[in-house]
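As structure tokens, the structure follows; a few thoughts come after it.
The values are calculated or read from the model by the stated rules, or taken from the named source; none is laboratory data. Bear in mind that the values here come from a model prediction, so they are computed numbers and not experimental data. Glycine gets a Cβ as well: all are built from the backbone with ideal geometry, and neighbour counts include every protein chain shown. Ligands, DNA and RNA are excluded from the accessible area calculation, which covers all protein heavy atoms including side chains. Shrake-Rupley method; radii C 1.70, N 1.55, O 1.52, S 1.80 Å.
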Amino acid sequence: MLWTQGEDTDWVTLDFHVPNPSDGDWIGVFSPSEFNASSCPSIQGSGQIPGPAICSAPVKYQLANYSSGYAELGKGTLKFQLINQRQDFSFGLFTGGLSNPTLVAVSNKIAFVNPKAPVYPRLALGKTWNEMTVTWTSGYDISEAYPFVEWGAKGSPPARAPADTVTFGRERLCGEPASTVGWRDPGFIHTAFLKNLWPAKEYYYRIGHTLHNKEVIWGKPKSFTAAPSPGQRSLQRVVIFGDLGKAERDGSNEYQNFQPASLNTTDAVIRDLDNTDIVFHIGDISYANGYLSQWDQFTQQVEPITSRVPYMLASGNHERDFPNSGSFYNGTDSGGECGVPAAAMYYVPTENRANYWYMADYGMFHFCVADSEQDWREGTEQYRFIERCLATVDRAKQPWLIFTAHRVLGYSSGFYYGYSGVFGEPMARQNLEPLWRRYGVDVAFYGHFHQYERTCPVYQEKCVQDGTVHVVVGGGGAYMSNFTTVAPPWSVYRDMDYGFGKLTASNETTLQFEYRRSSDGQVYDSFTLHKDKQNV
């Protein structure tokens, strides 16, 4: 049994022996333990690094010769880290490489003490500034147990907030591999709404489920600090990045395994968490790309962040895009997910859950979060939302107006954008730049291109004093993207490395931005915006 000490992860040591070892031998981690080892060569991991071509995708896998001396002795030992994912596990030993696998042996089955236990709490702002939502995953349907959050301020008696519960089946997904070899039951996702919070006050909470016999299954105790009220002058710190993804701490491989720095960035943010109030992850979230077990891997990886501060998402191409699914782009980057797992796994305060755009207030900040995978052009529903979001901010209370989207709707000298000659998504600035100008957007953030770039305050490709600063913070974890050879005049700083951005405001007249590399957490670029009080 795993998780005997109440943890949601555990390490397993696997010993194995093959009479005739070869370089193509590999071991897969499967959950549930009963799996289909038949070869499915036509449906394997698409993209830069394909995975094993079998009909039940492993959660992860490792080459047998990763164990020292395996090639000579045919014996090896590997250590795997497992996380609680609602089902039992087994290990399969294969020969023939990833493209022609043949099952040689299967291990005994193992499981966590309580596979259904509530895990991986995820905070997000609600639809009003004084509401916090708590989302988590479990194996308990509402017919088995009552989900709730017990919460309260320190020194006060706790209250209980009931939780909504959602899940989804294969029929909700729009293509392969998500609906075929990549499918894995997502369990049940619960969200509770903690309302009427006192601004900037610390609260404690625990996720839980009450069984029919009145026994309560608890998650770990956690805490968070409520958002400051609109206009409240205090130290307010916002971390922002895109394109993070997930990786395995045991060194094993996953499908679509092209996010080499995701753990570095995750750990860098965790180390600075005492100096962070809210996080915006602006698209390309888990890079599961249709292999649904990886959503669990991701929620576990970022849980030290999401359980303490609001974790706000934007939709990216690797969450949403798929042909004939209603996305603005017809690529296959979501692997058939078409936005369903992302919308279920993480709460965002949208007006309509079918639309992944929303506004959020945090103290002196007003955020307008667009969905670059849905049509933003003038006349569309999203365009009307963007204008309404920008127009309704009270600049006396919230002087700092921030626009975010996944794809670069503003300015980027990434190689692809430069090659096309547009230096951003086609038609984007044509439609949106007049809005940014009219309503005085201070900074616009994007991901999608895996690099860092900052512009001058810019309008119509010229540096102007009252323009918008555009920042690409797409270096969360995925492989780097190249820049154009020559930087355009509006490009002030470019860095092809992994990192994240951080906004800091303590009053209505000064806003500081820092770009930090994930490797060391140090600041490599910064700027400060100033406002006159009479203009706020």
Here the stretch 72-209 gives, from Cα atoms, an Rg and Dmax in Å of 20.7, 65
On the accessible surface of the stretch 319-393, probed at 1.4 Å with all protein chains in place, carbon and sulfur together account for a percent value of 44 percent
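How big is Rg to Rh over the stretch 229-277, alpha-carbon atoms, Rh as the Kirkwood inverse-mean-distance radius? Write down the numbers at each step before the final one.
Numbers: Rg = 15.2 Å, Rh = 13.1 Å.
Here the Rg-to-Rh quotient is 1.16.
To the nearest 0.05, how large is the calculated FRET efficiency for residue 267 and residue 13 if R₀ is 25 Å and r is the Cβ-Cβ distance?
Here the calculated transfer efficiency is 0.55.
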Sorting 431, 236, 326 by the position of each Cα along the dipole of the chain (Lys, Arg +1; Asp, Glu -1; all at Cβ), the one nearest the positive end of that ordering is 236
Residue-ordered couplings for the stretch 353-370, obtained by feeding phi - 60° into the Karplus form 6.51 cos²θ - 1.76 cosθ + 1.60 and rounding to whole Hz (Gly and Pro as x), are 4, 6, 10, 9, 10, 6, 10, 8, 10, 9, x, 8, 9, 10, 10, 10, 9, 8
Rounded to whole Å, √(5λ) for the Cα gyration tensor eigenvalues of the chain, largest first, gives 39, 29, 20
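Using packing as a proxy for protection, rank 290-299, 389-398 so that the peptide with the highest average count of other Cβ atoms within 10 Å comes first.
Values: 290-299: 25.6, 389-398: 16.0.
Ranked by mean Cβ neighbours within 10 Å, highest first: 290-299, 389-398.
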With the 1.4 Å probe rolled over protein heavy atoms, the chain has an accessible area per residue in Å² of 38 Å²
Its Cα gyration tensor gives the stretch 404-467 an equivalent ellipsoid whose semi-axes in whole Å, largest first, are 18, 12, 12
So the carbon and sulfur contribution to the accessible area of the stretch 39-134, 1.4 Å probe, in percent, is 54 percent
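Could you size up the charge dipole of the chain around its Cα centre, putting +1 on the beta carbon of Lys and Arg and -1 on that of Asp and Glu, and report it in debye to the nearest 20? Mind showing how you got there, number by number?
On the way: 44 positive and 56 negative charges, 253 e Å.
With Lys and Arg at +1 and Asp and Glu at -1, about 1220 debye.
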The alpha-carbon center of the stretch 167-227 and that of the stretch 87-163 are separated, in whole Å, by 7 Å
Along the stretch 11-18, Karplus-curve 3J(HN,Hα) (6.51, -1.76, 1.60; θ = phi - 60°) to the nearest Hz, with x for Gly and Pro, reads 9, 10, 9, 10, 9, 8, 8, 10
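Dipole of the stretch 28-123, Cα-centred, from +1 at each Lys and Arg C-beta and -1 at each Asp and Glu C-beta, to the nearest 20 debye? Working shown, then result.
Details: 7 positive and 3 negative charges, 66 e Å.
Rounded to the nearest 20 debye, it is 320 debye.
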Mean Cβ-within-10 Å packing, highest first, puts peptides 150-160, 219-229, 497-507 in the order 497-507, 219-229, 150-160
For the chain, the charge dipole (Cβ of Lys, Arg +1; Cβ of Asp, Glu -1; about the Cα centre) points to a positive end, and the Cα of 117, 208, 314 closest to that extreme belongs to 208
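Please report Rg over Rh for the stretch 241-354, where both radii come from the alpha carbon positions and Rh follows the Kirkwood definition. Could the numbers behind the result be given before it?
On the way: Rg = 14.0 Å, Rh = 14.5 Å.
Here the Rg-to-Rh quotient is 0.96.
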Of the candidates 169, 389, 64, the farthest towards the positive dipole end of the chain (Lys/Arg Cβ +1, Asp/Glu Cβ -1, centred on the Cα centre) is 389
If each K or R counts +1 and each D or E counts -1, the residues other than residue 375 whose Cβ falls under 14 Å of its Cβ total -2
For the stretch 411-424, Karplus-derived ³J(HN,Hα) couplings (6.51, -1.76, 1.60; θ = phi - 60°; whole Hz; x for glycine and proline) come out as 10, 7, 9, x, 4, 5, 5, x, 4, 6, x, 9, 6, x
quick shape note, the stretch 462-509: Cα extents on principal axes in Å, largest first -> 37, 27, 11
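Once you list every other residue whose beta carbon is under 12 Å from the beta carbon of residue 339, what net charge do they have if Lys and Arg are +1 and Asp and Glu are -1?
Working: positive: 172, 320, 353; negative: 319, 321, 333, 337, 371, 373.
Surrounding charge for residue 339 is -3.
Nearest-5 percent of antiparallel DSSP beta bridges in the stretch 398-536?
On the way: 25 of 32 bridges.
Rounded to the nearest five, the antiparallel share is 80 percent.
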